[in-house]
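Peer 1: Okay, here's the structure, questions in a sec.
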Amino acid sequence: MITACRLNDDDNLSLTPVKPGDALPSDVIWLDVNQPDDEERDWLEKLFVEDVPEEDEMDDIESSSRFRMGPDGVHILSLFPQRLANDPHGVNMSFTMRKNLLISFREEDVSIVRLLRFYIRHNKTDIRSSLDVLLKLQDLKVDQLSDLIEDAYSTLDETADKIIDDEHVEEILHELINQEEQNSQILQALYDTRRALRFVKKTFETTLDDRQERGIDEVLNDIESILPHTQFLANKINFQLEASMGYTNQKQNKIIKIFSVAAVVFMPPTWIASLYGMNFKHMPELSWTFGYPLSIGLMILSAILTFFLFKKKGWL
């Protein structure tokens with residue numbers, strides 16, 4: 001699906017779908033491409049000197065692939081965090097900037113793009129050029145990352161209260177693992193956004209106006225203020241994981257301790273029972289009238305004495 005964002009003469013924005021074969025209006029500043037089919041790719045090839053980005057190419061991590069100048073203009077790969085059904089993951093979007101046209105590619109639906117479209121439809125954003133679109137997406141991304149960090153704080157406060165609750169151990173461990181993965185995605189997205197904005201600031205240094213420079217600096221400052229929180233969250237998640245596993249191990253050790261003590265307590269009675277279970281002909285106690293009650297009493301007495309010995313030693 002291809003959507004064009006047009007900037008009218010009165011500086012109003014409008015979104016219109018574009019089909020393969022349509023002539024691209026001159027006032028289009030943003031062309032958003034989401035999961036293009038073969039027909040759309042063939043049509044897009046006419047707009048590019050280079051090949052249309054493939055999905056595997058958008059997962060490159062080296063800087064030379066994520067931020068570069070090419071025959072088509074400036075190319076930027078940017079990571080956007082997603083969390084669907086408590087499953088955190090990142091989606092890479094490819095941006096190509098040339099003159100006053102921004103072309104974005106993505107293979108998944110991205111919530112930040114939906115949010116920007118909502119703002120455009122309701123005239124709630126100040127966008128005057130294609131570069132403004134790119135900067136606004138990065139700004140919204142950092143806002144979303146900040147919200148995710150705030151949600152993580154609330155979630156970890158809840159899990160902290162349930163760590164010693166046996167009924168929620170598996171639930172807590174699952175949530176902590178999700179939080180650790182999400183925090184990693186947040187940290188990766190913050191570093192990626194910082195590199196992207198620094199690249200944009202350096203590349204468009206001569207064309208940026210004061211408003212755009214201030215916007216980039218504000219977002220970069222926000223990133224620097226958010227980064228320490230990710231480290232704090234990582235420490236808190238690791239502490240809760242260790243505390244949860246430590247509590248679980250303590251409970252298991254108590255159970256094993258009980259079985260160990262029980263085995264030792266019943267060892268003397270077992271020895272006595274084994275002794276009188278021998279089939280020797282000359283065993284004086286076998287002919288005693290009180291031989292059976294005596295052996296039973298010895299078993300009980302030996303178990304009681306062992307139990308109180310453990311109690312006195314503080315092993316129970």
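Peer 1: Working out 0.36 nm times the residue gap between ALA262 and ASP151, then minus their Cα-Cα distance, what length gain in nm do you get to one decimal?
Peer 2: Details: separation 111, 0.36 × 111 = 39.96 nm, distance 4.73 nm.
Contour length minus Cα-Cα distance gives 35.2 nm.
Peer 1: Another question, if that's okay. Quantify, in whole percent, the carbon and sulfur part of the accessible surface of the chain (1.4 Å probe; protein heavy atoms only). Don't skip to the answer; put the middle values down first.
Peer 2: Details: 10120 of 18390 Å².
It is 55 percent, rounded to a whole number.
Peer 1: Hey, what do the phi angles of the stretch 203-210 turn into as Karplus ³J(HN,Hα) couplings, whole Hz, using 6.51/-1.76/1.60 and θ = phi - 60°, x for Gly and Pro?
Peer 2: 5, 9, 4, 7, 10, 5, 8, 4
Peer 1: If you count, for each residue, the other Cβ atoms within 10 Å and average over each peptide, how do 295-302, 136-143 line up from highest to lowest? Numbers along the way, then the final one.
Peer 2: Details: 295-302: 15.1, 136-143: 21.1.
The peptides rank, most packed first, as 136-143, 295-302.
Peer 1: Next question. On average, how much accessible surface per residue is there in the chain, in Å², for a 1.4 Å probe, leaving out ligands, DNA and RNA? If you can, show how the numbers build up before the last one.
Peer 2: On the way: 18390 Å² over 316 residues.
Roughly 58 Å² per residue, with all protein chains present.
Peer 1: Which of the lysines could a cross-linker span from LYS254 if the Cα-Cα distance has to be under 29 Å and same-chain partners fewer than 8 positions apart are dropped?
Peer 2: Leaving aside lysines fewer than 8 places away in the same chain, those within reach of LYS254 are LYS162, LYS236, LYS311, LYS312, LYS313.
Peer 1: Would you mind getting me the FRET efficiency between LYS99 and ALA234? Use the beta-carbon distance for r and R0 = 45 Å, nearest 0.05.
Peer 2: Details: r = 42 Å, r/R0 = 0.94.
Once rounded, the FRET efficiency stands at 0.60.
Peer 1: Oh, and also: Rounded to the nearest 0.05, what FRET efficiency do THR16 and TYR191 have when you use their Cβ-Cβ distance and R0 = 30 Å?
Peer 2: On the way: r = 35 Å, r/R0 = 1.18.
With R0 = 30 Å, the Cβ-Cβ based efficiency is 0.25.
Peer 1: If I model a spin label at HIS174 and ASP109 as a point 7 Å from the Cα along the Cα→Cβ vector, what separation in nanometres do I get?
Peer 2: In this crude label model, HIS174 to ASP109 measures out at 2.4 nm.
Peer 1: While we're here: Please work out which option in [x] 20.7, 71; [y] 34.4, 118; [z] 28.3, 88 gives Rg and Dmax of the Cα atoms in Å calculated from these coordinates, and answer with its label.
Peer 2: [y]
Peer 1: Given the peptides 203-215, 219-231, 98-110, arrange them by the average over their residues of other C-beta atoms within 10 Å, most packed first.
Peer 2: On the way: 203-215: 12.8, 219-231: 15.0, 98-110: 18.5.
My ranking of the peptides, most packed first, is 98-110, 219-231, 203-215.
Peer 1: What is the extension gain from THR270 to ASP9, computed as 0.36 nm multiplied by their sequence separation minus the C-alpha to C-alpha distance, in nm to one decimal? Write out the running numbers ahead of the final one.
Peer 2: Values: separation 261, 0.36 × 261 = 93.96 nm, distance 9.75 nm.
Result: 84.2 nm gained on full extension.
Peer 1: If r is the Cβ-Cβ distance from GLU181 to ARG117 and R0 is 25 Å, what FRET efficiency results, to the nearest 0.05?
Peer 2: Values: r = 28 Å, r/R0 = 1.11.
Between GLU181 and ARG117 the formula returns 0.35.
Peer 1: Just grab the label-to-label distance for LYS124 and MET283, each label 7 Å out from Cα along the Cβ direction, in nm (one decimal).
Peer 2: With each label placed 7 Å out from Cα toward Cβ, I get 8.9 nm.
Peer 1: Which length gain, in nm to one decimal place, applies between LYS162 and TYR247 when the Cα-Cα distance is subtracted from 0.36 nm times their residue separation? Mind showing how you got there, number by number?
Peer 2: On the way: separation 85, 0.36 × 85 = 30.60 nm, distance 1.13 nm.
Between LYS162 and TYR247, full extension yields an extra 29.5 nm.
The values are calculated or read from the model by the stated rules, or taken from the named source; none is laboratory data. Just so it is clear, the structure is predicted and the values come from calculations on it, not from any experiment. Here the Cβ is made from the backbone with ideal geometry for all residues, glycine too, and neighbour counts use every protein chain on show. Ligands, DNA and RNA are stripped out before the accessible areas are found, and what is left, the full protein with its side chains, is counted by its heavy atoms. Shrake-Rupley method; radii C 1.70, N 1.55, O 1.52, S 1.80 Å.
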